[in-house]
Structure formats: C-alpha cells, structure tokens
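**Q** Before anything else, here's the structure in question.
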Amino acid sequence: MLRRLCLPRARALAAVTSDEVENISIVVAALGMHAELRTLLRAGRGEVVNETRSLFAIGVVRDTFRISGTLLAAVALGSDATGAFLHERTVYL
C-alpha cells in the first residue's frame, strides 16, 4: 500500500492507528522507501517505543497525554490557561 501512496511527493505521513507496533512498522517501512519523509506516529511509552527509538531516529517525541493532562488539571483547579506546551521536561501553560 505504501508504494501506491507516492511517498516522494508526499509532504508527510501520519501513522495513527490504535496499534503502536503497527504505527512503528508503517513509519519504518515508509522511511525505508523515502528517507527524507516527515512522519508522525501515535505511540505510547512502552518497551516497544523505547527500543525503536534506540534503533531508529524517530525524531521529536511529545507526550501528548502529559501536555493535555496538565492543561486539564490546571483548568479544573481554576486556571484561565487556554493552551500548554512542553519544553524539555517541563509543561508550560
């Protein structure tokens, strides 16, 4: 299926299924076909992700649960925050 997508013309590829192993395999296969492709993958914090990160240059990793959880907790406690971002290991509102 990846061959039919014409990856050299793609701006990016997002692998966002509910199966993190499948997402990783999609991204690794796509990068094998087109090394300069920008990719986005949905994955958790498990051993599979850590192992894959050590073997391949996955890129920038963002913990969306931590970012959104911090914002949700702040709003629940009365904060007027409307957004959050992560810098290094700190979430800023």
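The values are calculated or read from the model by the stated rules, or taken from the named source; none is laboratory data. It should be emphasised that the depicted structure is a prediction, and the values quoted were computed from it without experimental measurement. Because the Cβ atoms are built from the backbone with ideal geometry, glycine has one as well, and the counts that use them run over all protein chains shown. Remember, those area values only see protein heavy atoms, side chains included, never the ligands or the DNA or RNA. Shrake-Rupley method; radii C 1.70, N 1.55, O 1.52, S 1.80 Å.
**Q** What net charge do the residues around A10 carry, taking every other residue with its C-beta under 13 Å from that of A10, with Lys and Arg at +1 and Asp and Glu at -1?
**A** Details: positive: R3, R4, R9, R11, R38; negative: E36.
Neighbour charge sum, excluding A10 itself: +4.
**Q** Counting only heavy atoms of protein chains, what accessible area per residue, in Å², does the chain have with a probe of 1.4 Å?
**A** The answer is 78 Å² per residue.
**Q** Select from L40, L72, L31 the residue whose mean-square fluctuation is largest in a Gaussian network model of the chain (Cα-Cα springs shorter than 10 Å).
**A** Maximum among the listed residues: L72.
**Q** Quick check: at a probe of 1.4 Å, how many percent of the accessible area of the chain sits on carbon and sulfur atoms?
**A** Values: 4030 of 7290 Å².
That fraction is 55 percent.
**Q** Label V48 and A81 with points 7 Å out from Cα along Cα→Cβ: what is the distance between them in nm?
**A** Spacing of the two 7 Å Cα→Cβ label points: 3.0 nm.
**Q** Turning to a different aspect of this structure: Kindly express, to the nearest 10 degrees and within the range 0 to 90, the angle between helix 64-76's C-alpha long axis and the longest C-alpha principal axis of the chain.
**A** In the chain, helix 64-76 runs at an angle near 20 degrees to the longest axis.
**Q** Using only the alpha-carbon atoms, how far is helix 20-33 inclined from the longest principal axis of the chain? Give it as 0 to 90 degrees, nearest 10.
**A** Taking Cα atoms only, the helix is inclined about 50 degrees.
**Q** Right, another one. Using a 1.4 angstrom probe on the protein heavy atoms only, line up H87, H34 by accessible area, largest first. Could you put the intermediate results ahead of the total?
**A** On the way: H87 95, H34 45 Å².
The ordering from most to least exposed comes out as H87, H34.
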